[in-house]
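Below is one structure, written out as structure tokens; the observations come after it.
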Amino acid sequence: MNPIGNKSQCRIESNHIWAQTAVLGLNILTNRAVYNRFIEARKYYVAS
């Protein structure tokens, strides 16, 4: 049992979780922007 190695491993995993959360958040924001654009385009299409 190596406490120093263990602590750094824990920190790496924590950073990995934060990175995944950030990527997921970006994906959701991007998808929402694309979805909003799609809705706008559909509105114009229906209106014309």
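Each reported figure results from applying straightforward, stated rules to the coordinates on display, with no laboratory input. Nothing here was measured: the structure is a model prediction, and the numbers come from that model. Cβ coordinates were reconstructed from backbone atoms using ideal geometry, including for glycine residues, and neighbour counts include every protein chain displayed.
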Projected onto the charge dipole of the chain (unit charges on the beta-carbon of Lys, Arg, Asp and Glu, signs +1, +1, -1, -1), the Cα from V23, A47, S8 with the largest positive-side position is that of A47
Kindly express, to the nearest 10 degrees and within the range 0 to 90, the angle between helix 3-47's C-alpha long axis and the longest C-alpha principal axis of the chain.
-> 0
When the helices in the chain are scored as -39500 (n - 2.57) per DSSP H run of 4 or longer and the sum is shared across all residues, what 222 nm value do you end up with, to the nearest 500 deg cm²/dmol?
-> -35000 deg cm²/dmol
Run the dipole for the chain about the Cα centre, Lys and Arg Cβ at +1, Asp and Glu Cβ at -1, nothing else charged, and hand back the magnitude in debye, nearest 20.
-> 140
Among [x] 20.8, 70; [y] 19.6, 61; [z] 19.3, 53, the entry that matches Rg and Dmax of the Cα atoms in Å as calculated here = [x]
